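To start, the structure under review is shown below, and the notes come after it.
Every number here is computed from the coordinates shown, using simple stated rules; none is lab data. Remember, predicted model here, so these are calculated numbers, not experimental data. Here the Cβ is made from the backbone with ideal geometry for all residues, glycine too, and neighbour counts use every protein chain on show.
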Amino acid sequence: KIAAKLTRQGRKILLVAGDTFRAAAVEQVSVWGERAGAPVEKRDIGADAAGLAYDAVARAQRENMDVVLIDTAGRLQT
């Protein structure tokens, strides 16, 4: 929803499927990206999430994007 709102405001955004351990999460972000008209950066299941985030920010800088939205697993590591 945030992606759609920002796109309507004319901002260039990049969505990032950062939960690389749950296949459904990657698919969900892809669907939202398609609905919002925003590109999605993603990797294979089990890929390094930190590396993905780093690459996504680098891509956004190269492509002059305004916002990077990274969906994460949301778990606290102890």
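Name the residues in the stretch 20-32 that are in contact with a Lys or Arg (Cβ under 9 Å, 6 or more places away or on another chain) and crowded, with 17+ Cβ neighbours inside 10 Å, would you? Once the filter is applied, which keeps residues that are in contact with a Lys or Arg (Cβ under 9 Å, 6 or more places away or on another chain) and crowded, with 17+ Cβ neighbours inside 10 Å, the stretch 20-32 yields Thr20, Val26, Val29, Trp32. Do we have Gly46 as in contact with a Leu (Cβ under 7 Å, 6 or more places away or on another chain) and of a type outside the set (Ser, Thr, Tyr) here? Criteria not met by Gly46.
Taken as a whole, the structure places Lys42 among residues that are crowded, with 17+ Cβ neighbours inside 10 Å, within 17 Å of Ala60 (Cα to Cα) and basic (Lys, Arg). Helices (runs of 4 or more DSSP H) fully within the chain that include at least 3 residues being touching a helix residue (DSSP H, G or I) at 6+ places or on another chain (Cβ under 6 Å): 2-8.
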